[in-house]
Amino acid sequence: MNIHEYQAKQVLKGFGAPVAEGVPVFQAGDAEAAAKRLPGPLYVVKSQIHAGGRGKGKFKELPADAKGGVRLAKSIAEVVTNVNEMLGHTLVTKQTGPAGKQVNRLYIEDGADIDRELYLSILVDRSVGRVAFVVSTEGGMDIETVAHDTPEKIVTLAIDPAKGVTSDDVARLNEALKLSGEAAKDGETLFPLLYKAFTEKDMSLLEVNPLIVMKDGRLRVLDAKVSFDNNALFRHADMMELRDETEEDEKEIEASKYDLAYVALDGNIGCMVNGAGLAMATMDIIKLYGAEPANFLDVGGGASKEKVTAAFKIITKDPAVEGILVNIFGGIMKCDVIAEGVVAAVKEVGLKVPLVVRLEGTNVDLGKKILRESGLNVTPADDLDDAAKKIVAAVKG
């Protein structure tokens, strides 16, 4: 689950992180009052969407040479002008895709005198099985270019979970970021508290880009992106309250109600699979035969008939889906349960696109019998390769 920048900053501020004063704005009429609550005379008006690249983004409704989704303002009047131009309009960035995202929230923040922009993130480094800091002296909007062109400028430091962030870790991070004086002292406090926030709130990503050194030599969290581990959200009701469903795909929201692992993609072949690894392999082989998956959908190892029915209905609601591939290897999940769920869903919502089903494993014969006797127009497949060929051919043919 992702949250907005202003929410992330409030979470980090609760742990003691240095952040600027700021006020979220949901209605254009509140802009002037919000700006007057800040010291000024420099303000920053920031679009709040769940996507990066806001500063270089463009609004669909504005001229091509208009300012992007993050703007400086030198007066309250300029703040109001920017808010009126940005709020309710569609911002397109590299991460939103061409459709863009409507800006329903803005964050007006006090400006900062920036000396240097740095990059810092904390994530789970699966190569070492530990939480790690990723830092660079090259912070700002072009960090992706830095990672691609000069990866040696990015330093990764894994943290021993038994020790937490030690003084040696702080020294290495200060060295990697070339911090000295007051900034290095701030690092002694900031790095451990960011690690504490990450672990205590079960985050999957904490990104500060940029982390700035101000002209007075102090550190400040100028931007913040936070994602939480969905599997741990039951422990954090306070974080769940920060969820903004308007930023999420409605199909993904529906899937979460049934504890389905669903991610919407840009292709035209809907997939329903049990097991994340098998789901990835299914998407790969669809691409191998020249088509694109419309989703990642793992129904899990112990799904019920109702869960399978819900999964199938979610797939069919996607107007981009031109064919559906059901690929089940029955271990804990039984093939007859999958078959019953598919039949129930099709009878409820209808079937307007080709459907290929590959079943293997527990109760496979019973599952095939249920599908065969259902009267549905289902194409059976012997294995995954056969299934992928058939669904791609059906969609293209």
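The numbers here are math on the coordinates, done by the rules we state, and not lab data. If you're wondering where the values come from, they're calculated on a predicted model, not measured in any experiment. Here Cβ is always computed from backbone atoms with ideal geometry, including for glycine, and neighbour counts include all displayed protein chains.
Structure summary
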| quantity | calculated |
| --- | --- |
| Rounded to the nearest 20 debye, dipole of segment 156-282 from Cβ charges on Lys, Arg, Asp, Glu | 540 debye |
| Additional length obtainable on full extension of the chain from Val128 to Met280, 0.36 nm per residue less Cα span | 52.5 nm |
| Share, in percent, of DSSP beta bridges within the chain that are antiparallel, nearest 5 | 75 percent |
| Cα-based shape type of the chain, given that a ≥ b ≥ c are square roots of the gyration tensor eigenvalues and the cut on a/c is 1.5 | prolate |
| Among 173-182, 337-346, the order from most to least packed when residues are scored by Cβ within 10 Å on average | 337-346, 173-182 |
| Extreme residue, positive dipole direction of the chain, given options Val208, Ile314, Val80 (C-beta unit charges) | Ile314 |
| Farthest positive-ward along segment 250-396 dipole, Cα basis, beta-carbon charges - from Ala344, Tyr258, Met333 | Ala344 |
| Extension reserve of the Glu306-Gln27 stretch, reckoned as 0.36 nm per residue once the Cα distance is removed | 96.3 nm |
| Segment 250-396, relative contact order [Cα under 8 Å, separation at least 6], % | 24 percent |
| Equivalent ellipsoid dimensions for segment 21-110 as semi-axes, Å, which come from the Cα gyration tensor, largest first | 22, 12, 11 |
| Helix-only CD estimate at 222 nm, as mean residue ellipticity for the chain, using -39500 (n - 2.57) per DSSP H run (n ≥ 4) | -10500 deg cm²/dmol |
| Relative contact order (percent, whole number), the chain, Cα cutoff 8 Å, 6+ residue spacing | 12 percent |
| Relative contact order (percent, whole number), segment 201-266, Cα cutoff 8 Å, 6+ residue spacing | 24 percent |
| Entries of Lys317/Lys389; Lys352/Lys396; Lys46/Lys257; Lys74/Lys153; Lys36/Lys201; Lys94/Lys390 with Cα pairs more than 27 Å apart | Lys46/Lys257; Lys74/Lys153; Lys36/Lys201; Lys94/Lys390 |
| Potential extension, Asn231-Ser75 segment - 0.36 nm per residue separation minus Cα distance | 51.7 nm |
| Anisotropy class of segment 173-212 from Cα gyration tensor, a/c 1.5 cut | prolate |
| Mean-position separation - Cα centroids, segment 1-46 and segment 291-370, in angstrom | 45 Å |
| C-alpha long axis of helix 5-14 to longest principal axis of the chain, angle in ° | 70 degrees |
| Mean Cβ neighbour count within 10 Å, used as a protection proxy, ranking 123-133, 102-112 highest first | 102-112, 123-133 |
| Summed side-chain charge close to Gly350 - residues other than Gly350 whose Cβ falls under 13 Å, Lys, Arg +1, Asp, Glu -1 | +3 |
| Volume per residue that the Cα convex hull of segment 63-220 spans, once the total is divided by residue count, Å³ | 156 Å³ |
| Pair Lys215, Tyr289: separation of 7 Å Cα→Cβ label points (nm) | 6.4 nm |
| Antiparallel DSSP beta bridges within segment 250-396, as percent of all bridges there, nearest 5 | 20 percent |
| Cα-based helix-to-principal-axis angle, 384-396 vs the chain, degrees rounded to 10 | 80 degrees |
| Student exercise, the chain dipole from Lys, Arg, Asp, Glu Cβ charges, in Debye to nearest 20 | 420 debye |
| Shape of segment 128-207, Cα gyration tensor, a/c cut at 1.5 | oblate |
